[in-house]
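One structure is given below, encoded as structure tokens.
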Amino acid sequence: MNCYAWLSLLLTLGHLWPCLPSMQNHNTHKMNQPFATLQRVKRGWVWSQFFVLEEQILTEPLYVGQLKSDADKHDDTFKYILTGDGAGSIFTIDEYTGTIHVTQKLDREEKPFYTLRAQAINRNTQLPVEPESEFIIKVQDINDQEPKFLDGPYEATVPEMSPEGTSVIQVTATDGDDPAYGNSARLLYSILQGQPYFSVEPKTEFYYMNISEAAPVGSTIGKIMAEDSDIGENAAMNYVIEGEESLVFDIITNNETQEGIVLLKETVDFESKRRYSVRVKAINRQMDDHFMKEGPFEDTTIIKISVEDADEPPVFTSQNYMMEIAEGATNGSFVGVITARDPDNANSPIRYSIVHSTYLKRLFSINAHNGTIIITKLLDRETAAWHNITVTATEMRNPEQVSEVTVYVQVLDVNDHAPEFPEHYEIYVCENARSGQLIQTISAVDKDDSVEGHHFYFTLAQEATSNSNFTVRDNQDNTAGIFTAKNGFSRQEQFAFFMPVLIVDNGTPSLTSTNTLTVSVCDCDTEASAQSCRFGAFMSSMGLSIGALVAVLACILVILVFFLAMLVLRQRRKQSLFPDKPEEFRENIVRYDDEGGGEEDTEAFDISTLRTRTVMREHKSRRNITTEIQSLYRQSLQVGPDSAVFREFILEKLKEANADPTALPYDSLQTYAFEGTGSLAGSLSSLGSSISHVDENYDYLTDGGWTLN
């Protein structure tokens, strides 16, 4: 037996050591040493998983392991039976001891494991003492398979002038050995010919991923997974992208699965770079200082990321465009040119257009084929100094691919506006003004835009140079002062003066304008204020004196008073009229303010709220009611406040109010006059004249000092 066979045998025995009670007497019917340490409580069967090394050349059966029941007393009453894959041919069992042997050479690539069933019965009664149970014999791998390329020979092409690192082709080899056991299935690649122009990744432990150039930032590209034999927190790891590729890609860890998720950090362009080789490192998150010397606890892999082409919209040569044109330029004047291209096909035709604004379409036009922009209407900087145009570029082969860009057009200023006064000046001069007195400071504005800043010059117009009343003095700061040129002014002679002032700007060419100032003369004394001066000048300009103004105001006041009096009288007249409907008539209790009586000296109190429509219909006529009131009134003069007549009258009115279903939901307080306990003269009211036909004797009044006429 060679060294390789001995090594395989030792590996097998190492795996089977926990199952071996003794290395002697394998073929005996009894075990000399019992399995005292393998006794179980919860189940009867005692065994471990069994292993057999593949490709062993056997001259005699090779021990695999032992099946044993903890109920076996080693008195030969137990019988062990083996069934399943290869039982009786490849695998045999000693029916007394339960030891298992393999009798043939095994091949892991042909069958990696065998599933068998064991049973223990009583040899005397043939009844089962243990239930039938299943177990596995696994065939362990040895490095007996060579790597093989699946396809070949391979052919590949590469464009000339390709940058270093360009992927040419991917080749893949396979190995029939077990990748989960040892390093038998791990492959290393190398190039035998073609250096130094080509190289190959030595390890197969890299990933291939794809990403579209149209994918947005944050898109998931793929996942990777590093293996760690530890469990729990000891298996936690972090992933890191090394090198400049970390600017384009990112990787995060899924803490539940410990996978590395590769993300897009920056958009990629198929036309600029089609392939990326990303180096990723996996590092243990938990480090134990006791094992640091055995490190490093990390591993590295390569991710090959290919950029996939996508149909992209046109791309402008600039993110935005700035253009200029002078105001007043003629129709059709050139403004500028914009350009876009199809990134997928440089020869793809593009169509341009102006969008979003009908107003801008009236001012500008663009050539649909070459992107030239012209004006179609005169531009005025003072109306709009900037115009923002949105232009679209559309692929003619695929109209769905559209891009937009903003074009900023600045209208350059031309000196086409003359300077002028910023406001209407009201200038006044007192009659007693002295020569050289400043009466007003003036300034100017210009709608044009001056690069160096505006500068204005002030002077009297040519036609006013002979005027000896006022002068203009330029202050050299865009202002000027108006000064008197003589002593004293007379309002009676001339109440206003007109001054034409010439203003010149510093434009190229310069523009001038003549603006007229009006200077009004007012009557002033040493205590007069500017406001009174201005008011007097205003009145003088209107041709009115103070007396005339007072007369006008008095007339206006009289008219207003008369108008208000008419309104009051009309309102009272409307209130005194009876309404059209009979049920809305009002009845009054009359109180007299003097003994003489008279209907003009009365005060009325409305008691209509005490009446109902039903009661009014059932009462007597108006004349009878009046007579009744008069009678009650006469009786009240002879009685006091507690008279039964007075109480009866009040109770009657209260009864009528309570019986009215349409009465207002509130109480009405009525006032009734009471003149005392009576008078010897009786009533002097004219109310009784209609019922009295006897002449009254008034002689008794003379006893009180009265004189009768």
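Before moving on, here are some points about what is shown:
- Val407 fulfils the conditions (1) assigned to a strand (DSSP E or B); (2) free of Cβ contacts under 8 Å to residues at least 12 places away in the same chain except for a single criterion, (2).
- Qualifying strands (runs of 3 or more DSSP E) (wholly inside the range 338-401; at least 3 residues being in contact (Cβ under 8 Å) with a residue 24 or more places away in the chain): 350-355, 372-375, 386-395
- The residues in the range 180-201 that are open to solvent by less than 60 Å² (accessible area, probe 1.4 Å), modelled with pLDDT under 75 and not aliphatic (A, V, I, L, M) can be counted, and the count is 2.
- Residue within the range 445-462 that is hydroxyl-bearing (Ser, Thr, Tyr), surrounded by fewer than 13 Cβ atoms within 10 Å (Cβ to Cβ) and outside any loop (DSSP other than H, G, I, E, B) present: no
- Cβ-Cβ under 9 Å pairs, at least 6 apart or on other chains, the range 140-161 side under 21 Å from Leu188 (Cα atoms) and open to solvent by 100 Å² or more (accessible area, probe 1.4 Å), far side aliphatic (A, V, I, L, M) and in a strand (DSSP E or B): Lys148/Ala173; Phe149/Ala173; Leu150/Ala173
For every residue, the table says whether it meets (1) within 19 Å of Ser520 (Cβ to Cβ); (2) open to solvent by less than 70 Å² (accessible area, probe 1.4 Å); (3) not in a strand (DSSP E or B).
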site: Gly436; (1), (2), (3): no, yes, yes
site: Ile442; (1), (2), (3): yes, yes, no
site: Ser468; (1), (2), (3): yes, no, yes
site: Thr471; (1), (2), (3): yes, yes, no
site: Phe483; (1), (2), (3): yes, yes, no
site: Asn487; (1), (2), (3): yes, no, yes
site: Ser490; (1), (2), (3): yes, yes, yes
site: Leu502; (1), (2), (3): no, yes, no
site: Gly507; (1), (2), (3): no, yes, yes
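- In the range 476-524, the residues that are closer than 20 Å to Asn432 by Cα and of a type in the set (Gly, Ala, Ser): Gly481, Ala485, Gly488, Ser490, Ala496, Ser520
- Filtered by the rule that a residue be within 42 Å of the chain's Cα centre (by Cα), not in a loop (DSSP other than H, G, I, E, B) and not charged (D, E, K, R), the range 224-244 gives Ile224, Met225, Met237, Asn238, Tyr239, Val240, Ile241.
- Selection within the range 387-412 - more than 18 Å from Thr339 (Cα to Cα) and either of a type in the set (Val, Ile, Thr) or within 29 Å of the chain's Cα centre (by Cα) (or both): His387, Glu400, Val411
- Considering the conditions (1) aromatic (Phe, Trp, Tyr); (2) farther than 30 Å from Val414 by Cβ; (3) open to solvent by less than 30 Å² (accessible area, probe 1.4 Å), Phe297 is excluded by exactly one of them, (3).
- A Cβ distance below 7 Å, combined with a sequence gap of six or more or placement on separate chains, defines the contacts here; from the range 417-437, residues that are in contact (Cβ under 8 Å) with a residue 24 or more places away in the chain reach residues that are aromatic (Phe, Trp, Tyr) and in a loop (DSSP other than H, G, I, E, B) in the pairs Pro419/Phe456; Val429/Phe489; Glu431/Phe489; Ala433/Phe489.
- Failed criterion for His29 (all others in (1) open to solvent by 30 Å² or more (accessible area, probe 1.4 Å); (2) over 27 Å from Thr125 (Cα atoms); (3) assigned to a loop (DSSP other than H, G, I, E, B); (4) modelled with pLDDT under 85 hold): (2)
- Checking the stated criteria, Glu164 turns out not to satisfy the condition of being of a type in the set (D, E, K, R) and part of a strand (DSSP E or B).
- Of the residues making up the range 367-381, at least one is surrounded by 14 or more Cβ atoms within 10 Å (Cβ to Cβ), among the β-branched types (Val, Ile, Thr), modelled with pLDDT of 90 or more and within 30 Å of Ser510 (Cα to Cα).
The values are calculated or read from the model by the stated rules, or taken from the named source; none is laboratory data. Keep in mind that this is a model prediction, so the values were computed, not measured. Glycine gets a Cβ as well: all are built from the backbone with ideal geometry, and neighbour counts include every protein chain shown. Just so you know, the surface numbers come from the protein's heavy atoms only, side chains and all, with ligands and any DNA or RNA stripped out. Shrake-Rupley method; radii C 1.70, N 1.55, O 1.52, S 1.80 Å.
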